[in-house]
Each structure stands twice: as structure tokens, then as C-alpha cells.
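Visitor: Sharing a structure with you now.
Any read-out appearing in this document is the output of simple, stated calculations on the displayed coordinates, not a laboratory observation. Predicted model only: the values in this text are computed from it and were never measured. Positions of Cβ are backbone-derived with ideal geometry, glycine not excepted, and every protein chain shown enters the neighbour counts.
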Amino acid sequence: MGMPKELVQRDSSTSTELGIIRINNEVIRTVAANAAQEVKGVHSLSGRFGRTLLTLITKKGAARGVKIIFEEHDIRLRIYINVEYGVDIPEVADKVQKNVKMAVEKMAGLTVSSVDVSVEGVRTIARFDRRQLTE
């Protein structure tokens, strides 16, 4: 009981009659990251500045922008995204929440109590000179 522990457990594990099934946290992050990026309007996941150097060193770029918080009987996820310019941001965030929850629960068999989405940036439209496109 008490405060939730962020990444206290190394893996998510389940005991069965034949043994133990362990799912590494990186697998959970990757499932969540892929589910978030499937949503139309999501440009990319956002690696926060403090985590960027760590991400480069540990080569965990695929799931950057996803945090797992273990609670007593379930997990909470925090997803940091960048969206495309012109999208309905609350609608995109809502779809990310639903898609991530469904994917993690279905693929990892975990109970996801919440998916917090933080929109960190907007991808701006690049303006090209037509001459650059024909050269």
C-alpha cells in the first residue's frame, strides 16, 4: 500500500500451473508505444529532455515517451506524444488512451487502470520552395 512505485518491478510476472510467465517492462512500453503511434494524428512519441540522453545510451528509443507505474493490482501508463498540426488534440489523445489500454490489456494480460496522455508538441507544416521539389 502507499505511493505507487514507478518501475519498481523489473518485469510483470504471472504464475501458471506449468510455471512463471514474465513480461519485461520494455515489451509493455513497446506495445504501448506502437498502439499510440497507430492513432491517426499522432506524429511521434516524445522523449523528454531528461530521458533523451538515457535513451541514446541504452538504445531504448522505440518505447521512449512511455512510463509504467505499478500499483497494487494494476498498472498506470503515461504516454508523451507529438501530434500533427491541425488535428483535434483532445480527440487524438482520447483515441490514444483507448488504443493503448486495449492493446496492453490484450497482448500482455495486464489490467491498465489509466492511460495519461501528455501532448508535448505539434509537428509544424514544412514549407518547400517548388523549385527544390523539381531539382
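Visitor: Skipping prolines and chain starts, which residues have an amide H placed within reach, meaning under 5 Å, of the one on Gly65, given they are 5 or more residues away or on another chain?
Guide: Counting only residues 5 or more places away or on other chains, the set is Arg48.
Visitor: If you don't mind, there's one more thing I want to ask. Note the full-extension length gain between Glu38 and Thr111 as 0.36 nm times their separation in residues minus their Cα-Cα distance, in nm to one decimal. Could the numbers behind the result be given before it?
Guide: Values: separation 73, 0.36 × 73 = 26.28 nm, distance 2.08 nm.
Extending this stretch completely gives an extra 24.2 nm.
Visitor: Same structure, new question: With each pseudo-label sitting 7 Å past Cα toward Cβ, what's the Ile21-Asp88 distance in nm, one decimal?
Guide: Result: 3.7 nm between the two label points.
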